[in-house]
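Peer 1: The following block contains the structure, expressed as structure tokens.
The values are calculated or read from the model by the stated rules, or taken from the named source; none is laboratory data. Fair warning: this is a prediction, and the values are worked out from it, not measured in the lab. Ideal geometry is used to build each Cβ from the backbone, glycine not excepted, and the neighbour counts take in all protein chains shown. For the accessible areas, the whole protein counts, side chains as well, though only heavy atoms, and no ligand, DNA or RNA atoms are used. Shrake-Rupley method; radii C 1.70, N 1.55, O 1.52, S 1.80 Å.
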Amino acid sequence: MLVQRISALAVCSALLAACSTHSVQKKSNVPVTGSTQVTATMDAPRYIAQPNSKLTAQQYALQQRQQDAARKRGKIAEQQRQQWAQERARNQQAAQQRYEEEKQRITRLKYHQKYKQEQLRLAQEKLRAEQQRLIRLEYQRKYEAEQQRKAYAQKAAEAQRLAAQQASQQRQQAAIAEQKRLARQQEAVRRQQLAQQQKNDKIRARSLARYRENQAKQQAAARSAAQTPLTLAGGQGSSGQALNHNTPVAYQQARSNTFRGAGWHSRLPGDVAHNLRLRGISARGMSAYVRPANGRGPAVLTAAADTPRNPASTMKLVTTYAALGALGPNYQWPTEIYITGPIVQGTLRGDVVIKGYGNPDFSESDLRHLLGSLRHRGIKNIAGNLVADNSHFNIPHQKPGSFDGKSGAAYNAQPEALLYQGRGSSYRFRNLSKRVQRHTRKMPRSKGGRSDLNTNLFGAFWKVWVGKMGGGMQGRFRKGVVPQGAQLVFSHRSKPLRHILPTINKKSNNVMARQLMLTVGAQRFGAPGTPGKGAMAIGQFMESRGLHFPELRIENGSGLSRVSRISARNLGEMLVNAYNSPWRHDFMNSLAVLGVDGTLRNRMRKSGLAGRGRFKTGTLRNVRGLAGYVQASNGQMYVVSILHNDRKARSSAKKAHDELVKWVYWGARNNFVSR
């Protein structure tokens, strides 16, 4: 519509321009006269339009009307344009106002959203604060409950401590009484053994005299026979009588308790010999002895059974059996603790002395028990030194690792009267002080004291006394003896011997076996115990049981030796004697069970013999041994003794030894072992 109007206005403007085209003339400069001059002086237009065309009055009027209409229309169009401009301005203003309002609305929405977020954050913070308050209340409640529980526990512990103290005093009194009783009993046994030994010495002396007399008669008969024709040798009664008594009486006595004859088999079974040949091992280095454990009947196998051989750790069987007989299964080792000065306001003005008597199983719990007795005396601080008394044993000095050069190996540990956790009291570890620092930050003030923390007993003492009991210690570690006038604070007793033997035999603990032999020697011949006294005491015990082993050589009782010797027959006969002795139960329980525990836990597990044998193993370079008991398939118990000395024995002979055990087990059913 607006376009049409604008087009109409344009057409009208064009028409008006066309109609107004006239010839315009300037006013003449010629002077006029009369009325003309008066008229010229009036206000007249400077220009006079003279139309070129001759128009009528009607046409002229029409033209004027058209021009007026065009002007009117132009004016109307101008007004409309102004109205349209105003309308556009109003619309723009309204749009700008709406834009501003929308912008303000969006801003308000943003601020409102931020307000809601802030309110939510404040609510969450309030919720967290409430939760933390509740948690604090819960922790406070738990803390109060824990404090109450600790107070009750402390009261109960105090009551227990008092009860334990009373019980400990009662046990000490009972232990002292038991110690006196055992001392009297041991003295009676010692006297009885001494009397029996004197009796045996007399018997041996008489037997030796008779043997010499018979030897003299034999020699006289031999000289007489040399002078008499041979045809008369069987007819002379004196000669025949002399030849019928050519066996010493002492040998007859040994034969009454041991079997000395040939067995049913004098060679190794075929499967065993074949197994040795497959591995390139000579059968000449292997000795084997098999006999029913009840001692009834002859031996089943005596293959090179009388050849003395190195038994390795099977020598522990000899040591532990002798210890059971000489000490008794209930024997307990004492360990004593002394103080050498007065106690002033909780401080000991002197030394603490610990004296050992050879306990092979002295551990941290035992040490804590000993040091607890100092606490009961009211001692909190020690101004003196810690002294270790090892005078109960006298052991020749031996360079650590002299056996195979491995001084740090546990199996090379040296025996000592005050042995602690398998090592000597003065044995020095490399980094023991660092392990002690894990339990206490309080260290000795002196450089020497800090160095002593690497010593076995002093490091353990510091860990328990300072780290766990909160005590004080100003001194260092020393070796010495209990001085005269020292006060005995407490005497600790070890576990009974029957509970220690399984560790020795099942795990083949060398140093514990050596402790055992030294204890037997000290008990039999008096302190200090020495290897010589121990070996002599073991030999005397064997003779008292009717076991005469002329080839027996004992160096230290553990078998960790190159000079120890015993024959497979005598080792087997000792097992027969032990099986028929009062100590059979304790002795057999100390042996490793085949395929179950100890050094045999992984041996012959899938052979069907697991759990049917109890053995002691032994291995050294060029040495392997196996000795013990096996229950055959017919239910009968047999003694098996295998000693093998060969350069391949340790590395390659185990399968052959297992084959021999199987042969004993199955051979009983197939009449290869029992008739």
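Peer 1: Grab the Cα-Cα distance for Y152 and Q59, subtract it from 0.36 nm times how many residues apart they are, and report the gain in nm with one decimal. Let's see the in-between values first.
Peer 2: Values: separation 93, 0.36 × 93 = 33.48 nm, distance 13.57 nm.
Contour length minus Cα-Cα distance gives 19.9 nm.
Peer 1: Subtract the Cα-Cα distance of E130 and Q80 from 0.36 nm times their separation in residues, and report this length gain in nm to one decimal. Kindly include the intermediate steps, with their values, before the conclusion.
Peer 2: Numbers: separation 50, 0.36 × 50 = 18.00 nm, distance 7.29 nm.
Result: 10.7 nm gained on full extension.
Peer 1: How would H439, H585, H548 line up by accessible area, probe 1.4 Å, largest first? Intermediate results must be reported in sequence, preceding the final value.
Peer 2: Details: H439 90, H585 125, H548 45 Å².
Final ranking, largest accessible area leading: H585, H439, H548.
Peer 1: Taking all protein chains as present, what is the carbon and sulfur share of the accessible area of the stretch 67-164, in % to the nearest whole number, probe 1.4 Å? Numbers along the way, then the final one.
Peer 2: Working: 4800 of 8940 Å².
Accessible surface attributable to carbon and sulfur in the stretch 67-164 totals 54 percent.
Peer 1: Also, I was wondering about something else. What whole-number value in Å² describes the accessible area per residue of the stretch 308-352 for a 1.4 Å probe?
Peer 2: Values: 1180 Å² over 45 residues.
Averaged over the residues of the stretch 308-352, the accessible area is 26 Å².
Peer 1: Leaving out ligands, DNA and RNA, what percent of the accessible area of the stretch 363-520 is carbon and sulfur, probe 1.4 Å?
Peer 2: Values: 3500 of 7440 Å².
Looking at the stretch 363-520 in its full context, I get 47 percent from C and S.
Peer 1: Sort 158-166, 567-575 by packing, meaning the average of other beta carbons within 10 Å per residue, with the highest value first.
Peer 2: Numbers: 158-166: 11.0, 567-575: 26.4.
Top of the packing list down: 567-575, 158-166.
Peer 1: Taking the highest mean first, how do the peptides 445-453, 366-374 order by number of other beta carbon atoms within 10 angstrom per residue? Spell out each step's value before the answer.
Peer 2: Numbers: 445-453: 15.3, 366-374: 19.1.
Peptide ranking by packing, descending: 366-374, 445-453.
Peer 1: How are the C-alpha pair distances of the stretch 522-646 spread across 5 Å bins, as whole percents from the shortest bin up?
Peer 2: Reading upward from the zero bin: 2, 10, 16, 21, 21, 15, 9, 4, 2, 0.
Peer 1: Also, I was wondering about something else. Skip the ligands, DNA and RNA, and give the accessible area per residue of the stretch 485-559 with a 1.4 Å probe, whole Å².
Peer 2: Working: 2600 Å² over 75 residues.
Averaged over the residues of the stretch 485-559, the accessible area is 35 Å².
Peer 1: Something else: Say the cut-off is 29 Å between C-alpha atoms; which of K355/K507; K495/K533; K142/K434 go over it? Before the final figure, lay out the partial values.
Peer 2: Numbers: K355/K507 27 Å; K495/K533 24 Å; K142/K434 37 Å.
Pairs exceeding 29 Å: K142/K434.
Peer 1: Accessible surface of F259 in the full protein assembly, 1.4 angstrom probe, to the nearest 10 Å²?
Peer 2: 40
Peer 1: Report, to the nearest whole %, how much of the accessible area of the stretch 565-675 belongs to carbon and sulfur atoms, 1.4 Å probe, protein only.
Peer 2: Ligands and nucleic acids excluded, carbon and sulfur give 40 percent.
Peer 1: For the stretch 50-175, what is the convex hull (Cα atoms) projected area averaged across all directions, in square nanometres?
Peer 2: 17.5
Peer 1: Sticking with this one: Order 311-317, 417-423 from most to least packed using the mean count of other Cβ atoms within 10 Å.
Peer 2: Working: 311-317: 29.3, 417-423: 22.4.
Ranking the peptides 311-317, 417-423 by packing returns 311-317, 417-423.
Peer 1: Bin by bin, in steps of 5 Å, what percent of the Cα pairs in the stretch 119-202 do you find, going until the bin that has the longest distance?
Peer 2: 4, 11, 7, 7, 6, 7, 6, 6, 6, 5, 5, 5, 4, 4, 4, 3, 3, 2, 2, 1, 1, 0, 0
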